[in-house]
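Chemist: Here's a structure for you.
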Amino acid sequence: MGKVSSGWTIFAAMIVTFFWGGTVPAWSQEKGTTSVRAMSAASIDLLLGKEVKNPQGTRLAYIGGVLLAGGSIAYLILNIAEEDGTWRHVPVPASIAELRGSEGAVVVGLEKRMLSDAPAYSGQDRPDFSDPEWERQIHSYYGERSPDRELESYILIRR
């Protein structure tokens, strides 16, 4: 009987630690929030066409594409309408984006001004995504270190 009760004690201690002061997984920090970087390639349909907002709720763009590398989501391609009716395609590292189910939007901690000055391309001049310099430029702009991976093989999925 002592072994059963000590098992329950350990289980209860694990629950208390998890909920009150233990390490809380990133996905549970805000109810209904998922890191885009942690999403699988099978989740792409949840992202394509989604509205992108900043934490203050300002609409910034729509997701027009997803760049996969090694089977995981590496970049979101944000579509931003220009005043002349053309579209700018702005690659944003998936590591800075969250899917918030409660809002039905993808949230990035960026302001419109930062996106308007961000490295971008038009539909006719798509960059060579496998170029390490391209990846360094994108991550540098957003204040991140380039990941330790090569984009030798990538898949661009567009809407």
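Throughout, read-outs are computed from the coordinates displayed, never taken from laboratory work. Keep in mind it's a predicted model, so treat the numbers as computed, not measured.
Chemist: Report the gain in length on full extension from E82 to R126: 0.36 nm times residue separation, minus Cα-Cα distance, nm rounded to one decimal.
Modeler: Between E82 and R126, full extension yields 14.1 nm more.
Chemist: Using the Karplus equation 6.51 cos²θ - 1.76 cosθ + 1.60 (θ = phi - 60°), what ³J(HN,Hα) coupling, rounded to whole Hz, does each residue of the range 43-53 give in order, writing x for Gly and Pro?
Modeler: 8, 4, 4, 5, 9, 4, x, 5, 6, 10, 10
Chemist: Another question, if that's okay. From the backbone phi of the range 118-130, what are the Karplus-calculated ³J(HN,Hα) couplings (6.51 cos²θ - 1.76 cosθ + 1.60, θ = phi - 60°) in whole Hz, Gly and Pro given as x?
Modeler: Rounded to whole hertz, the list is 5, x, 8, 9, 9, x, 7, 10, 4, x, 7, 5, 7.
Chemist: Could you go through the range 70-87 in sequence order and give the Karplus-derived ³J(HN,Hα) for each residue, using 6.51 cos²θ - 1.76 cosθ + 1.60 with θ = phi - 60°, rounded to whole Hz, and x for Gly and Pro?
Modeler: Along the range 70-87, the couplings run x, x, 10, 6, 9, 9, 9, 9, 8, 9, 10, 6, 8, 5, 7, x, 8, 10 Hz.
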